[in-house]
Amino acid sequence: MSVGNPPETFDKSLDVEAKTTPGIVRIIAVHPRTPVYDFEDWRDDLHIIGQVDLEPGAPTVLIGDFNATYWHPCFRDLLNAGYVDAHIAAGRGFSSSWPNDSLIPPFVRLDHALTFGTLVATEVEDFDIPGSDHRGFVVTVAPTR
């Protein structure tokens with residue numbers, strides 16, 4: 001596994017390459033600021049994330065708490081750039097991840113795994129994380145044929 005050049009977002013991001021049986025997979029973990037406290041930093045972070053230099057067709061997973069839903073134009077820009085949301089691809093687009101620490105059940109998905117290039121999400125499993133205000137998830141990806 002090697003470390004790449006993570007997006008220069010307000011909070012730190014992680015950019016690694018993992019060696020897998022089919023080949024190298026790039027994994028970029030992000031956590032933009034919440035728009036509730038600083039809308040401009042959040043919007044700028046999503047824009048910076050969207051500017052990540054991607055090799056055409058390179059198998060990539062962009063994953064994290066985006067603090068964004070499908071209805072946020074800044075998040076839709078990522079989808080329009082060629083990323084595919086794992087929950088949507090797995091038929092779980094209406095699942096939710098936040099809030100998970102109150103009397104109100106989770107009603108919105110802020111946490112996403114986006115695939116790019118020759119990767120496709122084949123399965124997504126959501127689960128509770130004790131003490132967290134978000135639900136967690138595991139995504140299984142596979143190379144396209």
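The values are calculated or read from the model by the stated rules, or taken from the named source; none is laboratory data. Just so you know, these numbers come straight off a predicted model, no measurement behind them. Cβ coordinates were reconstructed from backbone atoms using ideal geometry, including for glycine residues, and neighbour counts include every protein chain displayed.
Yes/no per residue for (1) without any contact (Cβ under 8 Å) to a residue 24 or more places away in the chain; (2) out of contact with any Pro (no Cβ under 9 Å at 6 or more places or on another chain); (3) charged (D, E, K, R):
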{"residue": "A89", "(1), (2), (3)": "no, yes, no"}
{"residue": "S97", "(1), (2), (3)": "no, no, no"}
{"residue": "D101", "(1), (2), (3)": "no, yes, yes"}
{"residue": "H112", "(1), (2), (3)": "no, yes, no"}
{"residue": "V124", "(1), (2), (3)": "no, yes, no"}
{"residue": "D133", "(1), (2), (3)": "no, no, yes"}
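Looking at I48, is it under 21 Å from V124 (Cβ atoms) and either within 16 Å of the chain's Cα centre (by Cα) or loosely packed, with under 15 Cβ neighbours inside 10 Å (or both)?
Details: under 21 Å from V124 (Cβ atoms): no; either within 16 Å of the chain's Cα centre (by Cα) or loosely packed, with under 15 Cβ neighbours inside 10 Å (or both): yes.
When the stated conditions are applied, I48 does not pass them.
V25 is checked against (1) outside any loop (DSSP other than H, G, I, E, B); (2) in contact (Cβ under 8 Å) with a residue 40 or more places away in the chain; (3) loosely packed, with under 14 Cβ neighbours inside 10 Å; (4) not small (G, A, S) and fails just one. What number does that condition carry?
Looking at each condition in turn, V25 falls short on (3).
State the number of residues belonging to segment 88-104 that are in a loop (DSSP other than H, G, I, E, B), more than 13 Å from H134 (Cβ to Cβ) and not small (G, A, S). Let's see the steps before the verdict.
Taking segment 88-104 first, the residues in a loop (DSSP other than H, G, I, E, B) are 90-97, 99-104.
With the extra rule that they be more than 13 Å from H134 (Cβ to Cβ), the set shrinks to 90-94, 103-104.
If we keep only those that are not small (G, A, S) as well, we get 92, 94, 103-104.
The qualifying residues number 4.
Considering segment 124-140 alone, what residues qualify as being modelled with pLDDT of 95 or more and out of contact with any Asp or Glu (no Cβ under 8 Å at 6 or more places or on another chain)?
Scanning segment 124-140 gives V124, E125, D126, F127.
Test E55 against the stated conditions and say whether it is touching a residue at least 40 places away in the same chain (Cβ under 8 Å), of a type in the set (D, E) and out of contact with any Pro (no Cβ under 8 Å at 6 or more places or on another chain).
Details: touching a residue at least 40 places away in the same chain (Cβ under 8 Å): yes; of a type in the set (D, E): yes; out of contact with any Pro (no Cβ under 8 Å at 6 or more places or on another chain): yes.
Yes; evaluated as a whole, the condition is true for this residue.
Quick one: which of G117, G82, G57 is in contact with a Ser or Thr (Cβ under 9 Å, 6 or more places away or on another chain), at pLDDT below 95, exposed (fewer than 15 other Cβ atoms within 10 Å of the Cβ) and under 23 Å from L14 (Cα atoms)?
Numbers: G117 fails: exposed (fewer than 15 other Cβ atoms within 10 Å of the Cβ); G82 fails: in contact with a Ser or Thr (Cβ under 9 Å, 6 or more places away or on another chain).
Within the list G117, G82, G57, the selection yields G57.
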